[in-house]
Amino acid sequence: LDMLADALSGFEATGFGRGLGGGDDAASVLRGVNRSTAADAGARRRVFRTYVAARVALAAALVGVQAVAVWAAGRPLGVMLLLCLAYGVEAVLAWAWALREQREFEPSGVTRALWWITVGADLLAFGTMHWVDTVGSLNHAALLVLPVLMAGVLNLRRNALATAAAVTLMLLGTAWQR
């Protein structure tokens, strides 16, 4: 962007670049875009770290609710508790990795590895919980909002729409199966 800004400074000297708002020349506008992109990467990093921390808290709550349900019913460990425990382990590992990793976020969104570690794991875990829980003691369909929301915040629009479409197909498949 800096090369483009320098090239446009010659364009500005001719008077054709005026009127970009408040007397700013085109080169300074492009330099501002470059600074805002760096600030956007920092904001994405903070949102991502908050997201992985929230996943750990959610996993702890899910394990707690399932453990109380198993204890209150007096039945052996169920598939739902094991799914919640597996999700909790994955969430803690992703959180520890996110705290250790200092990589800059691209303006175009998260990388494939980060997507699969977070949003993809949420889709798989919550979709499986919704599919397996036929009793309906806890509405796991509501949990599917979290990966859709975070895909919209951290990814490009196309990827966010694909995530929402995948959740929709999961919900339709579960409804059709029941």
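Note that region 85-94 has calculated 3J(HN,Hα) couplings of 5, 5, 5, x, 5, 5, 5, 5, 5, 5 Hz, one per residue in order, obtained from phi through the Karplus relation 6.51 cos²θ - 1.76 cosθ + 1.60 (θ = phi - 60°); glycine and proline are x.
For a Förster distance of 22 Å, can you work out the FRET efficiency between the beta-carbons of residue 162 and residue 92, rounded to the nearest 0.05? All intermediate terms of the calculation are to be shown ahead of the outcome.
Numbers: r = 27 Å, r/R0 = 1.24.
My answer for the efficiency is 0.20.
Once both labels are positioned 7 Å from their Cα atoms along Cα-to-Cβ, the gap between residue 113 and residue 43 label points is 2.7 nm. Here r is the Cβ-Cβ distance between residue 139 and residue 100 and R0 is 25 Å; the resulting FRET efficiency, rounded to 0.05, is 0.15.
Every read-out reported here was derived from the displayed coordinates using simple, explicitly stated rules and does not represent laboratory data. In this text the structure is predicted, and so the values were computed from the model without any measurement. Methodologically, a virtual Cβ is constructed for each residue, glycine included, from the backbone with ideal geometry; neighbour enumeration extends over all protein chains shown.
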